[in-house]
1. Which residue out of A:Gly147, A:Gly188, A:Gly198 is more than 8 Å from chain B (Cβ to nearest Cβ) and not in a helix (DSSP H, G or I)?
2. Go through (1) more than 7 Å from chain B (Cβ to nearest Cβ); (2) under 30 Å from A:Lys51 (Cα atoms); (3) hydroxyl-bearing (Ser, Thr, Tyr) one by one and return the number of the condition A:Ser252 breaks.
3. From A:Leu220, A:Leu226, which residue is buried (at least 20 other Cβ atoms within 10 Å of the Cβ), more than 8 Å from chain B (Cβ to nearest Cβ), touching a residue at least 40 places away in the same chain (Cβ under 8 Å) and of a type in the set (A, V, I, L, M)?
4. Just to be sure, is B:Ala57 under 30 Å from the mean Cα position of the chain (by Cα), at the interface with chain A (Cβ under 7 Å from one of its Cβ atoms), outside any helix (DSSP H, G or I) and modelled with pLDDT of 95 or more?
5. Can you name every residue in the range B:111-132 that is assigned to a helix (DSSP H, G or I) and buried (at least 17 other Cβ atoms within 10 Å of the Cβ)?
6. Restricting to the range B:241-266, name every residue that is under 18 Å from B:Pro90 (Cα atoms) and surrounded by fewer than 17 Cβ atoms within 10 Å (Cβ to Cβ).
7. Would you mind telling me which numbered condition in (1) touching a residue at least 24 places away in the same chain (Cβ under 8 Å); (2) closer than 24 Å to B:Glu60 by Cα; (3) surrounded by fewer than 21 Cβ atoms within 10 Å (Cβ to Cβ) A:Ala93 fails?
8. Give the range A:128-141 a look and list any residue that's more than 8 Å from every other protein chain (Cβ to nearest Cβ) and under 21 Å from the mean Cα position of the chain (by Cα), or say none.
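The values are calculated or read from the model by the stated rules, or taken from the named source; none is laboratory data. Fair warning: this is a prediction, and the values are worked out from it, not measured in the lab. Positions of Cβ are backbone-derived with ideal geometry, glycine not excepted, and every protein chain shown enters the neighbour counts.
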Amino acid sequence: MSNWERFKQQIVESQVWRSMFRHGYEDTPRNRILAVSGNVWLHLHPSKVRKHGVRLKFTWCMGGITFLMFLITIVTGIYLMFYYRPVAEYAYADMKYLEFDMPFGMLMRNMHRWAAHAMVIAVWLHMFRVFMTGSYKPPREFNWVVGVVLLVLTLLLSFTGYLLPWDQLSIWAVTVGSNMARATPLLGHEGPFREFVGVNAVYDARAFIFGGGEIGPHTLLRFYILHCVFFPLLTTVFLIVHFWRIRRDGLSGPPL
Amino acid sequence: MAEAKVATPVATKRAKAKPAGPSDDKIYTWPHLVRVEFLCALFVIAGMLVWSLLVDAPLEEPAAPTRTPNPSKAPWYFLGLQEILVYFDPWHAGVVLPTLIIVGLMVLPFIDINPKGNGYYTYAERKYEIITFFLGFHIMWISLIVVGTFVRGPGWNWFWPWEPWDTHKVVAMNNVDLPYLLGFRDYWAQAVVGLTLIAGYFVVGTAAMYAWIVNKKGAEFMKKWGPVRFGLTSFLFLNMVAVVIKMGLRLGMNVKYILVTPWINV
């Protein structure tokens, strides 16, 4: 045994190493299973999967790409949060500051926005794929429902983020998008049957979303908190359930 | 002693069940699946980086709540719904239809009891499911987004991408309500006719669907499917087709509303 080999062995057998890594590197079935089940990140997977679940031709990897986009927006989003203040007086100036003065500011903002758009596209394609392979069929009905919730959350995440640049594009897109709420039957001040409830412009479904009768600084703060805290947390909760269910039921195909 | 007696048959049953069946085609997640995911992530991240280096995210002038741009467009993924606003009132296009879409997607696994096509691609075994999904997702949702994004200009008028946006373009709107078109001039008579048309559409549509499914799949299937599943499916399907019908009526016959009342218009 060379000195190098002995050195390596000493490290691998040390108490510190063994406290971190619970399995050997040797390619044995036991180690392959331990690599997944003994790893908190990888154990989102089952330790064995059906052959077709690995093929790109089958999965298009769209679920994974959707999750990857979610991770990219979290990483880039945290960077953006360092420089952005959700206050009407500062928000737009901070955008310019971010674009022109911050190292990699423009790149981070671009990646955040394009990843958000790509996430919407990927989640639609994922839904399309799951439909086409009939993967919502028993025993995975409930996971499809969780997936629909995640689809809605993806759109809400993207929509609340749309307002934050506080430019003409963002406030008018959000105005048009939220105007629907004032037409809600019973709950919107321009919706049918409104007179039976007594809603008005500052007290209806849209005002609840905006935090006031018109889009304004209060809306910016509200959307910021929804975008950076509430919806990401809620999405994470549903993602955990979504992944857990795949792990339990296996990836696609009739029950085992 | 008693415990051991109970435990043994379970253990043998498990040991016997393992090698048979579809679990045979299983492979190890590490390295097979993790490798695919890792490579996929690597390429996608590289692609996102290149995209982000080449194309800057838009930033227009500062928000001005008093200056409304024309057209004002929602984020692109909602433009299908905004496009539907041409044909329906906001409470329907913006509230009822999105709710129906979400609910319809959620109930999908419960109304589709076809056991075939679980875990593999097939058209022949799930013809009607796939056609319906195509109508809803590709034909309606996606193509309306394309229309809303690329061919709607000032005043939400139709402009081809190569046409300049003329903010003063005037489009004659001679839309009339369907009962009026049918010759009814009295206000309440129009409301009654409108209500009858819509109720008739759902009654006849449901009956036609029932007859068609019994004819196609047999009474046995209908019994197994049950009235709740059938009711949900036909209600959702008829609502989806109603959107297409209303669009056809507007584009073909300039119909504004089918039902006009003091409270709601459809």
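1. A:Gly198
2. A:Ser252 satisfies every listed condition except (1).
3. A:Leu220
4. Answer is yes for this residue.
5. Across the range B:111-132, the qualifying residues are B:Ile111, B:Arg126, B:Glu129, B:Ile130, B:Thr132.
6. Within the range B:241-266, B:Val244, B:Ile245, B:Arg250, B:Thr261, B:Pro262, B:Trp263, B:Ile264 qualify.
7. (1)
8. A:Arg129, A:Val130
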